[in-house]
Amino acid sequence: MIVDDEIDFVKIFEEILFALGINVVATAHSGKDAAELYQIMAPDVVFLDLFMPEYDGFYAVEEIRKVAPNAKIIIVTANHEIENMMEVKADALIKKPFDVSTIKKVMNWIDQTQ
């Protein structure tokens, strides 16, 4: 699942994941939608932006962790003040802009930990 308030980013990121052979089962544009969709779709991995209007990614992380403490959550953010994925209870942190090799590395790591 991809969660970001920038609709164009979601479309591009979905194309990148598709090219890597990763199926995107859902997309959302707010933390609230992400939390609700997670309960319905139970995706293997959530790619989540933190800073969105109203219900942000911090909200989504908290709500997802309540129902699935072991959910794989990867923060994808342009905010370079977030230095540590532990700050936001995430499994990995990808900073925008990123290249495809970064996504491959993170997904390989996720595959190894499952």
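The values are calculated or read from the model by the stated rules, or taken from the named source; none is laboratory data. Computed from a predicted structure; not experimentally measured. Cβ atoms come from the backbone with ideal geometry, glycine included; neighbour counts cover every protein chain shown. Only protein heavy atoms, including side chains, enter the accessible area calculation; ligands, DNA and RNA are left aside. Shrake-Rupley method; radii C 1.70, N 1.55, O 1.52, S 1.80 Å.
What full-extension length gain, to one decimal in nm, is calculated for ILE7 and ILE22 as 0.36 nm per residue of separation minus the Cα-Cα distance? Let's see the in-between values first.
On the way: separation 15, 0.36 × 15 = 5.40 nm, distance 1.90 nm.
Additional length available on full extension: 3.5 nm.
Taking H as built 1.01 Å from N, whose amide H comes closer than 5 Å to the amide H of LYS72, not counting residues under 5 places away?
VAL46
How many nm is it between the label spots at THR113 and ARG65, if each spot is 7 Å from the Cα in line with the beta carbon?
1.3
What shape does segment 15-57 take by its C-alpha gyration tensor, where a ≥ b ≥ c are the square roots of the eigenvalues and a/c under 1.5 counts as rounded, a/b above b/c as prolate, and the rest as oblate? Provide the component values of the computation, followed by the final result.
Working: a/c = 2.87, a/b = 1.55, b/c = 1.85.
The shape class here is oblate.
Just subtract the alpha-carbon distance of GLU36 and GLU54 from 0.36 nm times their residue separation and send over the number in nm, one decimal.
On the way: separation 18, 0.36 × 18 = 6.48 nm, distance 1.49 nm.
Gain in length upon complete extension: 5.0 nm.
Quick one: accessible area per residue over the chain, 1.4 Å probe, rounded to a whole number of Å²?
Dividing the accessible area of the chain by its residue count gives 56 Å².
Would you list PHE58, PHE13, PHE98 from the most to the least accessible area, probe 1.4 Å?
PHE58, PHE98, PHE13
Quick one: with all protein chains in place, what share of the accessible area of the chain is carbon or sulfur, to the nearest percent (1.4 Å probe)?
52
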